[in-house]
Structures are given as structure tokens and as C-alpha cells.
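A short write-up of the structure that comes next.
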Amino acid sequence: MVKTETLFIKASREEEQIVVSFLLKEFGTKVMEIMNDKSIFIKQRGVKEVYIVNEELKDTIEFIRNSSLDLTKNIFLAGYPIGTIHEKQFQLEVTGGFYFKKYMEKRIIVKTQQFLYGKDIVVANVKEYTLPFKKGNWLAVYGKGKKDSELFYGVGKALVGSNELSSAPPNTVIIKGYKNRPFDLGWYLRFEK
Amino acid sequence: MLDEVSYTDVYDLGNKLGYLPYMIQRFVELIGEKETIELLKFNEKKLKTVIRLNNLKAQFSEIEFLLLQKKIVFKRIREIPEAREIVHSPISIGATIEYLNGYYMVQGKNSMFPPLILDPKPHEIIGDFAAAPGGKTTHIAQLMKNKGKIISIERSKRRCTALYSNIIRMGVQNTIVINTDARDIVKSKIKFDKILLDAPCSGSGVIINDPSRKTSKKEEDLARYSKLQTELLDTAIQTLKEGGTIVYCTCSLEPEENELVIDRVLKDNDIKLVDILFSFERGVTKFANYSFSPELKKAVRLYPHKTNGEGFFIAKMVKESG
Ligand SMILES: C[S@@+](CC[C@H](N)C(=O)[O-])C[C@H]1O[C@@H](n2cnc3c(N)ncnc32)[C@H](O)[C@@H]1O
């Protein structure tokens, strides 16, 4: 197998556009509030991981790149990862859900914690949702604790629209769970092992 | 059980508990027989679980409320506003949804002192020269309110993974993690306001967490650690701005890894020790055939049996201007 070197570089125009148009489509124009003074960086090692980097860190990365020993190929992380680009499509991950939590207004609140174990969310698990959603929309998944405290569980793409929920059988999958992919917070525990 | 038996022979006790004899000799030289017995007994206990509340994610009061809802009983720890000792928990503290949301870090109490002593400020550039798994990087980010920047360096790629997931979980956004040998960082020409060097060490202060240390290190290994620690500290000093601060620490109790390292760099660099204002035992100025600068009294030693926590040595230094 050919060993590819890791690159940590500013996203190209095209990559930037892929990410920004996803964010605008899913979260609305308000999301630009936090994106305005940030840059998008790509860590490329086979897959393209997308990071949000503030101005100060960006300058430091460039400084490191221009020094006698370019350690940017050793950058493991800078700023905050939000997802990946695959076949010219942006794929949001749980970290991106964390980062844009405030802007993810379409939320689904579940009764059980099984999503945290990489399991599907089915109609019977849903307690409520905040705004109507369509098939293909990205949703933030929350659990409700006692006294209505809400805790973030992860993100997922709706497989059915909210208008279908009342008539769908209770075992209809709304969001698919993945054990080996970073969509739910339980992934941290699975990943550390 | 150990409390019931009155051990008069510390070597006998050390032998019974499975320590290599050289370790007991060194402890006795350092703290005397009576205290060595206390240390050995303490090492057979279990440390209290301590968490650090993360106000990058939520206010302390909100996190406390969520913990109380789960019937987790905790108490505050004097001198560390962000720390809570877990008195009782009906569930595993490292697998709650609050943990996954980064509302707290499970972390030894004494490991919170080095970042507090470093005292990073939001506008500064901080180096964390031996960073994984990131208890201290994420604490530093919290003290900086996620502003300024932290360069976290870690040589082990495998350990970078844990560092990565802790940084993300705790919501830290002001950090660059570089997977390299910290001795290489000089070539990057970055100059730091403050550096934390939580050096790789023999770990003789944390036998309570890792009983294999009773036999895993030979006396000769200490010289190898001491050499690496001195090189790392030398590098740190070179990359520090004039007037900048370094906090050097280890979780080892061995003077070769602590006072000797500091004594060497004091001789070769324009750097001076500054007082640490917490009231712990002071660094030693004599050990075996060594004698160290009297300035080493400014460094502190956190003995496990005296602090009810992990063993630590901490020294704070300032680089003098040209
Ligand atoms: C005592 S641990 C650090 C603990 C960390 N500061 C924390 O609070 O979570 C020491 C770390 O130094 C790393 N290390 C060892 N040699 C190193 C070197 N030459 N450069 C950078 N890191 C090194 C080890 O892999 C280990 O993760």
C-alpha cells in the first residue's frame, strides 16, 4: 500500500464552496455569523477532513509551513473538525453538530439513548421535534433529561419527513445509526478503544 | 488491613508489597522511614475520583444541577474552583451523556495544579510540550476561555488520538496538535509566552494508579528519563519569549527527574525559578551524592500520602530578558 503524506492546507475555492453551500442550505444564512472570521482547512490523508480554523491559528499554521522544518504535515488537528468531503459532497459529522448546534434548529428529541450506541432512531423513539423536516434534512438529535434539561446526542439525516411520522409504523427508521461512523456522541467511547 | 499491622521495618513492608528494594531505599533517603511507610500504605488505596467541570461547555451551576439529577454526590476541593470530588455515583462517571458532551473531564486532583500554576491568559500563545491525553491542554484552554492559541505537541501518534478526542469533546477550538518530537519544535521558530512541560517520566508518584511501577523500572532507567527531560526542557527554554514562563512537572518523585533537571538548566540558561504560591512541600536541595541550588526550594513536591492525590513535582521558571 502506498503511504500518503498527511497535508493540512487551506481549502480550495471549490472545497470551500462545497462546505459553505451545505451550511447555508442546512442551517440558513445566520450560520455565516460564526464563519465570517474563520477559514476552512482540509486535512487530507485519503479522506478530506474539514476543519474550521480561526484567524490566529491560521496565521500560526502558515508560519509553521514557512519555517525551516515544515511541521504542517504533522498537524493532527487545528481548530475544530466538522465533517468530511467525499466525492464532492460535504458529510456533516457529530463534531460539526457540536460546532453548529446553535444553528441546527431542526431538532428531534428522543426517548431512549440507543442512538448513542450507533443504533437507528425509529418512529417509536421520538418524543417530539422542534420544526417540520423533510426527507434528506440534517437533524440534531437530543435527549430530554429530568426537569426538561436537553442534552445533545448527535446528528443524522432524516430518511422520512415529519409529515409522515403520524401515519408511519412505529419501527420506521427516521435516522440511521452507524457503529463505525461519527454521527453520535457515543462514538467518542467507541473510538477511544 | 495494612493499618492494623504496625510495620516497623519499612524494607520488610516494601518487600511484602512487591517493590524493588532500590525504590524503598530511595524513598527512605528522600522522606525518612516513617513517611515511607505512610507512602507505601497510601499507594495500596484507591484514589478518589475527581472531575474538572468545563465552563467552555456550560456553567458550573448547570453541570452541578445535571450531576445532582443523576444522584451523583460530589464536593468542592479547596484551591481548585473547577474541581469536584465524587463522593458517590450510582453510575459510571466516564460514560454519562454529560461526559460525552464534554461537561467534565475525569482527572486526578493534583494534575490540575500545573495549569493553574502556569496561569495562561486568553491572549497568549502557549506550548504544551508533552500533551496526550490532554487533561492539561483542555484545562489550559478552559483557563484561556478558548482564546489565544495553544500548540500541543505529542510524539506518540497513538496517544494523539486520545488527545484529539478529548480536545473535541471538551469543545476546545484554540489548539493546534502537532504529532512530533517536541525537541524538533525549535526549528519551527515559534516563540511562546508560556510553556507547560509535563515531561514523560518514570511515574513513581502514581504507583497508586499503576502498581506495575513497583517493579517495572530499574534504577538505571532514571538516568535515561533525566536525559530526555533535560533535553525537552532545554528546547522549551530556547522557544520561550524573553520574560516568558515555563512550568516543568513530572508525576515522579525521583530527584534525578526533577531537581537535577532544573539544576542543570539553571546553570546553562538565563532562567530563574519563581516561587509557587500553593503551600506544598518544597523541592529538595540534597539527595544521595547530589546537592542542588538552594533556589530549588521554590519548586514544590506533592507527596501522595500528604496531598491525598497523585505524586507530582512542579517548578515554575521565568526566562530573563537579554
Ligand atoms: C506525562 S504524559 C503527558 C500527560 C498530559 N500532559 C496530560 O495532562 O494529559 C507525557 C507524554 O509525553 C509524550 N512524549 C514522550 N516523549 C516525547 C517527546 N520527545 N516529545 C513529545 N512528546 C513526548 C508521551 O507519549 C506522553 O504522552
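The values are calculated or read from the model by the stated rules, or taken from the named source; none is laboratory data. Because the structure is a prediction, the values reported are computed rather than measured. Don't worry about glycine lacking a Cβ; one is built from the backbone with ideal geometry, like all the others, and counts go over all protein chains shown. Surface areas here come from the heavy atoms of the whole protein model, side chains and all, with no ligands, DNA or RNA. Shrake-Rupley method; radii C 1.70, N 1.55, O 1.52, S 1.80 Å.
Tabulated data for the structure shown
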read-out	value
Selection status of A:Glu14, among the acidic types (Asp, Glu) and surrounded by 11 or more Cβ atoms within 10 Å (Cβ to Cβ)	no
Within segment A:40-90, tally of residues that are in contact with a helix residue (DSSP H, G or I) (Cβ under 9 Å, 6 or more places away or on another chain) and more than 13 Å from chain B (Cβ to nearest Cβ)	8
Among the candidates B:Leu228, B:Leu277, B:Leu222, B:Leu273, residue that is away from chain A (no Cβ under 14 Å) and touching a strand residue (DSSP E or B) at 6+ places or on another chain (Cβ under 8 Å)	B:Leu273
Output for segment B:192-203, where each listed residue is hydroxyl-bearing (Ser, Thr, Tyr) and either more than 12 Å from the ligand (Cβ to nearest atom) or in a helix (DSSP H, G or I) (or both)	none
Residues being closer than 19 Å to B:Lys217 by Cβ and open to solvent by 40 Å² or more (accessible area, probe 1.4 Å) - total across segment B:7-43	6
Matching residues, segment B:152-170, being closer than 21 Å to B:Gly102 by Cβ, more than 7 Å from chain A (Cβ to nearest Cβ) and either buried (at least 24 other Cβ atoms within 10 Å of the Cβ) or not hydroxyl-bearing (Ser, Thr, Tyr) (or both)	B:Ser152, B:Glu154, B:Arg159, B:Leu163, B:Asn166, B:Met170
Failed item, numbered, when B:Glu124 is tested on (1) within 12 Å of the ligand (Cβ to nearest atom); (2) touching a residue at least 40 places away in the same chain (Cβ under 8 Å)	(1)
Residues located in segment B:46-85, provided they are surrounded by 13 or more Cβ atoms within 10 Å (Cβ to Cβ) and part of a loop (DSSP other than H, G, I, E, B)	B:Leu47, B:Lys48, B:Thr49, B:Asn54, B:Asn55, B:Leu56, B:Lys57, B:Ala58, B:Lys70, B:Ile72
Residue ID - farthest from B:Leu240 (Cα to Cα), chosen from residues in segment B:127-160 that are of a type in the set (D, E, K, R) and within 9 Å of the ligand (Cβ to nearest atom)	B:Arg158
Test: residue in segment B:183-191 that is more than 8 Å from chain A (Cβ to nearest Cβ), more than 8 Å from the ligand (Cβ to nearest atom) and either farther than 26 Å from B:Val300 by Cβ or part of a loop (DSSP other than H, G, I, E, B) (or both)	yes
Matching residues, segment B:228-257, being away from the ligand (no atom under 11 Å from the Cβ) and either closer than 16 Å to B:Asp181 by Cα or surrounded by fewer than 20 Cβ atoms within 10 Å (Cβ to Cβ) (or both)	B:Thr230, B:Leu233, B:Asp234, B:Ile237, B:Gln238, B:Thr239, B:Lys241, B:Glu242, B:Gly243
